[in-house]
Amino acid sequence: MTARTLLLLLIVLFLPYKGWAAELDYTDFRQLPVQHEGRIKPLDTFARAILDLCSGRQSLHGTGADAWLAETLFDPAQALHRPLFRIFRPGLLGLPEKAGRSYSYAELAPALQAKADVIARLLQTDEKNWTEDQRELMRLSDAAGLYTQLLRSFSFALPLNIVMPDSLAKEWKLDEGKTFTLEIYRHHQQSLKERVQAIIRRKGNDPARYNESERQIAQFAMNMQILEQAGQNNSIFRILPGAWGDAKAEWWSPWAIADSGQGSPENAAYLQLWQDMAGAYQKQDATAWRGAAHRALVKAKGFVPAAPLQLETVYNALSPLTLASLLYLAAFFAVVFYSFKTGKNIRLAATGMLGTGALLHAAAIAARIVILDRPPVGTLYESVVFVALICVLAALLLEKIGKDGQGLLIGAISGTVLLFVAQSFAAEDTMKMLVAVLNTNFWLSTHVLCITMGYGWCIVASLLAHLYLVKTAFGKAADDLLPYIKTIALVALLFTAVGTILGGIWADQSWGRFWGWDPKENGALLIVLWLLWALHARISGNLKRIPYVTAIAALSVIVALAWFGVNLLNVGLHSYGFISGVAAALFTFITVEAMLLGALYYRISVLRKQGTR
Amino acid sequence: MKNALVLLGLVLIAGAYTYYDGRKALPQQNQPQAADSLSHSAPAPVFSFTAIDGKKYSLEQFRGKVVLVNFWASWCAPCVAEFPQMIELAGALPDKIVIVFMSQDDGDKAVTDFLKKHGKGFEQGNILVARDEGQKIAKDLFQTYKLPETYILGPDLHIADKVVGLVEWNTDQMRSKIEALYGH
């Protein structure tokens, strides 16, 4: 399949491999709408997602994803020589080792073709049983398959480097010098079919009996048929909205629109603008390109709201969460500096950085609400980002009350660490539509937000408890933290308890039962029970101060288990949250936390025995 | 008192959101996100054509009547199969509709041969048969690739609907639909 496609692509006007095309203006191009993963998104997001899938990056050799996409669509002969695919084990495919481990489609496709049998066999097996090598092979096969479709998305409008029989050119009134495309061929498809049928009627199926002209026509018809077939099932690039009947909610790729019956004059005019863009790109005519892209964007605004698309391109360009995490990190260093050299200005600077980070963080979450038209937490990645904001805001509140830098420290640590953790899930974040059970704005904005806010308050309580233990272990007074720890633990209990009950009501509505001892439900209950136990045991005097604070500090482990740990079990109805590859990180975290808390507890006990404190 | 008011406010906000969320049409499960589809009431592309009898027409001439633009070809069996009902419909609503049969055949001969063989009923005054030279009207203007396809244009020459494939034309439902386009 891939080798054949490669051959077909080579039929397309061949251009020698060269560097990136002169810089065109992609401002309007990147905002054009496309339906991908169930939602309408700007081309910018689409390009980044596919590029990331193939190369593990969102830009290629210093060139943006938009320019890469334009080349892939409008100059595939050039694009297939571009080193794109990051291959970690090139030996698997018999490819030579290369610096940067980037290989072009022209290199990858034949190598994958040689492994076609292995890939076909693997497809029949359960991916859970795949080895790392097999997983890598299938990853590359999937990425190459997707890229193959993308390369051919616009091939019907691109010039074909194909020899056309003179008799046909004359009959179809094609001027010499005019580029021949599949789109032009489609206008004469039936006539060609009739010509070939007439030849077969006269002389049969054996080309040896044909004269030169007949042979040329038969060969040409066969080539065109192969090219036409290669476009079938090409559905990734859905840029044309449906217009009729039940299928109008779906969008269609340029290839699919021809067969879907979803064509319309509006779509024809819009597609013509795309063809104008293709022409301008091939000529590298910056003015024509800008004009065509602008006209296409204006036209697109007629059938899809422009504001969310524009907002999403700005979101992609600014990357506000990265900026926020950098500000949190800077705030952390400022707070550390403040602890050595107390000064009003340093604290003010740290507050400013943390506050600005929080503003950017909140703006990013607000932008996602507008873009996705749903509450901010629907995936694991989004939950980490949201919890990070709750932690920072709670810490800023703490700082407003305490004015001693401790809130700033908690906020800077939690914000930095959680946004860093979020980065490890960022690859899965293409802002895709949620699975059906989650696709309800009411429950996402009540149960899920309540539980995640509870996680946030738990983390702040745990960090404060850590701070208390560290200060105590180093002989510093920390009792002023105790009221904060208690209050924050109570707030965490309120959110997690209410969130758990709301989850039960949602489960009753969705699954017909309030409680089913599902691992995720058990995880949420575990936090509630842990908090209830620690707080009640402290009130009743069964837990002394240090064990109580240690129990609150250990909330981090309980939250980590409830948040990520239960997903590793791979059972239960909360299947949308399953993740892999975090077991080692989670185990390390729990081990380090246990060792840290154990060490602090031991040191405080020793200090007490020594009577130092 | 202040706390009670805050609590009451929160309850009211939650209640208002629940009401709003309930009224909002929920996306269908497992369906792609619905987007605003293209407007069905967009004006039809402007085009003119030469009927098979040599007379020239432009779409604009039919303003005030419902126009059916049917894309067909002599080699397309489903197209031929739906002709009798379309002709009956034209006969049932002589003053209300005009049917333009736009052939996708390669040459006029294919069309005239077809009409000689199956042309009964095509002589009605509100039926026009033409050939789409180079398939420009079908493919370039209406994005029609599969036959048969019929666009239904309202008296204002805006696109009211499109019918893909073989359907029954001379039905009460279809006649009512056409009547409705006059705003009766």
request  = Calculate, axis by axis, the spread of Cα positions in segment A:39-116 along the three principal axes, and write the results as whole Å, longest axis first.
outcome  = 38, 25, 21
request  = Run the accessible area of the protein assembly as shown with a 1.4 Å probe and give the carbon-and-sulfur part as a rounded percent.
outcome  = 60
query = Using a 1.4 Å probe, how large is the accessible area of A:ARG135, given in Å² and rounded to the nearest 10?
reply = 90
query = Based on Cβ point charges of +1 for Lys and Arg and -1 for Asp and Glu, what charge dipole magnitude is obtained for segment A:446-538 about its Cα centre, in debye rounded to the nearest 20?
reply = 220
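Where does the charge balance sit around A:ARG290 when Lys and Arg score +1, Asp and Glu -1, over other residues with C-beta under 14 Å from its C-beta?
Numbers: positive: A:ARG30, A:LYS283, A:ARG295; negative: A:GLU23, A:ASP25, A:ASP28, A:ASP66, A:ASP276, A:ASP285.
Net charge around A:ARG290: -3.
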query = Sorting B:ASP53, B:ASP140, B:ASP95, B:ASP105 by accessible area (1.4 Å probe), largest first, what list results?
reply = B:ASP95, B:ASP53, B:ASP140, B:ASP105
remark   = Quick numbers on segment A:170-218, Rg and Dmax over C-alpha atoms in Å, give 12.5, 34
query = Based on DSSP H runs of at least 4 residues, each adding -39500 (n - 2.57), what is the mean residue ellipticity at 222 nm of the protein assembly as shown after dividing by all its residues, to the nearest 500 deg cm²/dmol?
reply = -18500 deg cm²/dmol
key: Listed residues A:LEU80, A:CYS54, A:ALA65: farthest to the positive end of the dipole of segment A:21-167 (Cβ charges)   = A:CYS54
task = Filter the GluC sites (Glu not before Pro) in segment B:88-183 to those in DSSP coil with at most 12 other Cβ atoms within 10 Å of their Cβ, and list the result.
result = B:GLU123, B:GLU168
Around A:ALA362: net Lys/Arg minus Asp/Glu count, Cβ-Cβ under 15 Å = 0
message = Order A:LEU555, A:LEU327, B:LEU12 by their accessible area, 1.4 angstrom probe, all chains in place, largest first.
response = B:LEU12, A:LEU327, A:LEU555
ask   = For segment A:23-81, with every protein chain kept in place, what is the accessible area per residue (1.4 Å probe, Å²)?
value = 24
query = On average over all directions, what projected area in square nanometres does chain A have, based on the convex hull of its Cα atoms?
reply = 35.0
inquiry  = Helix check for chain A. Which DSSP H runs span at least 15 Å along their own axis by Cα, with a mean Kyte-Doolittle hydropathy no less than 1.6?
reply    = A:320-340, A:380-402
inquiry  = Among A:GLY454, A:ALA99, A:LEU318, which residue has its Cα furthest toward the positive end of the charge dipole of the protein assembly as shown, with +1 on Lys/Arg Cβ and -1 on Asp/Glu Cβ?
reply    = A:GLY454
message = Using a 1.4 Å probe on the protein heavy atoms only, what accessible surface does B:LYS65 show? Give it in Å² to the nearest 10.
response = 70
request  = Only bridges with both residues in the protein assembly as shown count here: give the DSSP antiparallel percent, nearest 5.
outcome  = 70
ask   = How far, in nm, would the chain grow between A:ASP175 and A:ALA426 when pulled straight, counting 0.36 nm per residue and subtracting the alpha carbon separation?
value = 85.2 nm
note = For segment A:286-307 the residues that are at least 10 Å² less accessible with all protein chains than alone, 1.4 Å probe, are A:PHE303, A:PRO305
query = Counting GluC sites (Glu not before Pro) as exposed when in a DSSP loop with at most 12 other beta carbons within 10 Å, what is the longest stretch of chain A free of them?
reply = A:177-613
query = If you take the charge dipole of segment B:29-184 about its Cα centre, with +1 on Lys and Arg Cβ and -1 on Asp and Glu Cβ, which of B:LEU147, B:HIS118, B:TRP169 is farthest toward its positive end?
reply = B:HIS118
request  = Averaging sequence separations of C-alpha pairs under 8 Å and six or more residues apart, then dividing by the length of chain A, give the relative contact order as a whole percent.
outcome  = 10
Over segment A:40-147, relative contact order from alpha-carbon pairs under 8 Å, at least 6 apart, % = 23
key: Accessible-area value, B:TRP169, 1.4 Å probe, nucleic acids and ligands omitted, Å²   = 0
message = How big is the dipole moment of chain A about its Cα centre under a simple scheme where the beta carbon of each Lys and Arg is +1, that of each Asp and Glu is -1, and everything else is neutral? Debye, nearest 20, please.
response = 1640
message = If you split all Cα-Cα distances of segment B:45-184 into 10 Å bins from zero, what percentages do you get per bin, shortest first?
response = 12, 48, 36, 4, 0
remark   = Over segment A:263-322, with neighbouring protein chains present, the accessible area per residue in Å² at probe 1.4 Å is 41
Solvent-accessible area buried by pairing B with A, both sides, nearest 100 square angstrom, 1.4 angstrom probe = 3300
query = Quick one: Karplus J couplings for segment B:82-94, per residue in order, coefficients 6.51, -1.76, 1.60, θ = phi - 60°, nearest Hz, x for Gly and Pro?
reply = 8, 4, x, 5, 5, 5, 4, 4, 4, x, 6, 10, x
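When DSSP beta bridges are limited to those with both residues in segment B:36-106, what percentage is antiparallel, rounded to the nearest 5?
Once the DSSP bridges in segment B:36-106 are tallied, antiparallel ones form about 30 percent.
What is the mean number of Cβ atoms from other protein chains located within 10 Å of the Cβ atom of each residue in peptide B:141-149, rounded to a whole number?
5
The values are calculated or read from the model by the stated rules, or taken from the named source; none is laboratory data. Since this is a predicted model, take the numbers as computed values, not measurements. Ideal geometry is used to build each Cβ from the backbone, glycine not excepted, and the neighbour counts take in all protein chains shown. These area figures cover heavy atoms from the full protein model, side chains too; ligands, DNA and RNA do not enter into them. Shrake-Rupley method; radii C 1.70, N 1.55, O 1.52, S 1.80 Å.
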